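Values quoted throughout were computed directly from the atomic coordinates according to the rules given, and no laboratory measurement underlies them. Bear in mind that the values here come from a model prediction, so they are computed numbers and not experimental data. As a convention, Cβ positions derive from the backbone with ideal geometry for all residues, glycine included, and neighbour counts pool all protein chains shown.
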């Protein structure tokens, strides 16, 4: 069991380190493009915000692992627990909202004929800032209950609380409070995942039709070449599929843990792995596929 737990923590260490490095590389690249580039595109600001949110999620996991392995006391107090868990929960919501915004901006960009959505398309980085600010305010309020109910294990009666993350525990809130915040998180996730699914499906359908027209009009020697628009659609759809895969896996596993009250070390390590999965994987998709704003597709 000791060797198994050690191997699990080494895997988490590797994913944490590589995820932070990849997110930082994406962050620096798009900050540089935004500051010194010839054009300041809204997509750059969205990707900067996405990688920043993912980095917070990964750092939360890294702090938990380091504190658990090396027994760092400075991370085990109430203030440390509240801060780390609150920022992680808020960053998770920001990642959901920003991923949805990324998908919608891509979909609206390549489909300029949809005049209703074109009016909502951000043309400059300044038009993106209100959306990001609204995400921060909204997710800060949804996660605010954690500031009251999360506590360090050493300061409470262990029989009255449930383990939350490694060394932090959650005091059971009142039923009305629990239902309120669970409802808010459910509504948020449902709305943004619906928009994410609609925009991804719309984009894939539009690009498929465009690709068919191109193949029909061009000679057959172009048939096996993937256009930049198709590649942009594939990249965004891979990112959406990656997000949904990790999100629902984490949801199902969390439901299992809550139903069976299983909080052993291996179970918690699997949950941590699912929580940082998207945050660690998405930057590698961005690097390998090179997601940028797709150009509008015109009829040929």
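Based on the mean of other Cβ atoms within 10 Å per residue, sort peptides 279-287, 9-17 so the most packed one is first. Please report the intermediate quantities before stating the final value.
Working: 279-287: 22.0, 9-17: 15.7.
Order by mean packing, descending: 279-287, 9-17.
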Ranked packing of 177-188, 91-102, 237-248, most packed first, by mean Cβ within 10 Å:
91-102, 237-248, 177-188
